[in-house]
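Single-structure report; data block below.
The values are calculated or read from the model by the stated rules, or taken from the named source; none is laboratory data. Everything numeric here is computed off the predicted structure, so don't read it as measured data. In this analysis, Cβ positions are derived from the backbone assuming ideal geometry, glycine residues included, and neighbour counts consider all displayed protein chains.
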Amino acid sequence: MTESTSKRAVVLVSGGMDSATAAYEAQAEGYDLYLLHTSYGQETEDKEYECAERLAEEVDAADFLRIETDHLAAIGGSSLTDDEMDIADADLDSESVPTSYVPFRNANLLAMAVSYAEANDCEAVFIGAHTEDFSGYPDCRPAFFDAFQGVVDAGTRDDTHVEIRAPFAELSKTDIAERGVELGVPYEDTWSCYRAESPACGTCDACAFRLKAFQNVGVRDPIEYERRPEYAD
């Protein structure tokens, strides 16, 4: 029996455009995809799960794993999981940490992804973080991913080699949209809105960055919005 020589990668998929593009990027690099989606009590978790599941079908994923966890919601501290905190309207020029930041979320998600990768002999974990993320989210900074790589190297078996990949870490969301259009990512099956499951509000940070990216590349965002403000530079 001949041992398979195919490459395998776990992709953290939120249901949004960045992680969908990361999945298509990993596939373009020749990886078989193992998609990991986490529901942690976020406002739009049902819609995000629906989109992530559809992505798994579209890329013919080798496996799709959904993990439901309530510990991030129980910990609180984020407008995404705490009903007593309002989701703020977009402020694209702000450099402060937004209320939508879920404390140390990416460390939690990456830890699960590395466990999933090690159990399935995957060589890489892809995450769709980018420059406009780490301007406000400390766990999206390249330095964080570099540090986490050290944790992975120290905390897995000696024969395990899992690379943390953030292919868009030095790119903007506009760059991601442009790359995704080139790769044929079905953005109509992705969701970014923090507030609503249909239609998207158009005014939260996630909607604003997404709309701005599509407007900058001259492509109409295919999902429905309650409002479509002009955010392009």
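Which one of Glu170, Glu188 is acidic (Asp, Glu) and farther than 23 Å from Gly30 by Cα?
Exactly one of Glu170, Glu188 is acidic (Asp, Glu) and farther than 23 Å from Gly30 by Cα, namely Glu188.
If only one of Glu25, Glu57, Glu43 is closer than 19 Å to Pro103 by Cβ, among the charged types (D, E, K, R) and out of contact with any strand residue (DSSP E or B) (no Cβ under 6 Å at 6 or more places or on another chain), which one is it?
None of the other options fit; the residue is Glu43.
Filter the helices (runs of 4 or more DSSP H) completely within the stretch 70-186 down to those with at least 2 residues that are among the polar types (S, T, N, Q) and modelled with pLDDT of 95 or more.
105-119
What single numbered condition from (1) touching a strand residue (DSSP E or B) at 6+ places or on another chain (Cβ under 6 Å); (2) closer than 23 Å to Glu182 by Cα; (3) surrounded by fewer than 22 Cβ atoms within 10 Å (Cβ to Cβ) fails to hold for Glu68?
(2)
Glu45 fails exactly one of the following numbered conditions: (1) out of contact with any Pro (no Cβ under 7 Å at 6 or more places or on another chain); (2) in contact (Cβ under 8 Å) with a residue 12 or more places away in the chain. What is the number of that condition?
Among (1) out of contact with any Pro (no Cβ under 7 Å at 6 or more places or on another chain); (2) in contact (Cβ under 8 Å) with a residue 12 or more places away in the chain, the lone unmet condition for Glu45 is (2).
For the stretch 1-19, which residues satisfy the criterion of being modelled with pLDDT of 95 or more and either part of a loop (DSSP other than H, G, I, E, B) or closer than 20 Å to Arg105 by Cα (or both)?
Val10, Val11, Leu12, Val13, Ser14, Gly15, Gly16, Met17, Asp18, Ser19 - these are the residues of the stretch 1-19 that are modelled with pLDDT of 95 or more and either part of a loop (DSSP other than H, G, I, E, B) or closer than 20 Å to Arg105 by Cα (or both).
So which pairs qualify, if the first residue must be in the stretch 215-226 and in contact (Cβ under 8 Å) with a residue 40 or more places away in the chain, the second must be of a type outside the set (Phe, Trp, Tyr) and part of a loop (DSSP other than H, G, I, E, B), the Cβ gap must be under 8 Å, and the two must be at least 6 apart or on different chains?
Asn216/Ala232; Asn216/Asp233
I'd like to check something: does the stretch 115-125 contain any residue that is without any contact (Cβ under 8 Å) to a residue 40 or more places away in the chain and not small (Gly, Ala, Ser)?
No, the conditions are met nowhere in the stretch 115-125.
Hey, could you check the stretch 187-196 for residues that are assigned to a loop (DSSP other than H, G, I, E, B) and hydroxyl-bearing (Ser, Thr, Tyr) and say which is farthest from Arg105 (Cα to Cα)?
Among them, the one singled out is Thr190.
I'd like the full set of residues that are under 14 Å from the mean Cα position of the chain (by Cα) and outside any strand (DSSP E or B), limited to the stretch 20-39.
Ala20, Thr21, Ala22, Ala23, Tyr24, Glu25, Ala26
Give Asp221, Asp189 a once-over and let me know the one that is of a type in the set (Asp, Glu), under 15 Å from the mean Cα position of the chain (by Cα) and surrounded by 14 or more Cβ atoms within 10 Å (Cβ to Cβ).
Asp189
Filter the stretch 39-61 down to the residues that are out of contact with any Asp or Glu (no Cβ under 8 Å at 6 or more places or on another chain) and buried (at least 23 other Cβ atoms within 10 Å of the Cβ), then identify the one that is farthest from Phe209 (Cα to Cα).
The residue in question is Ala52.
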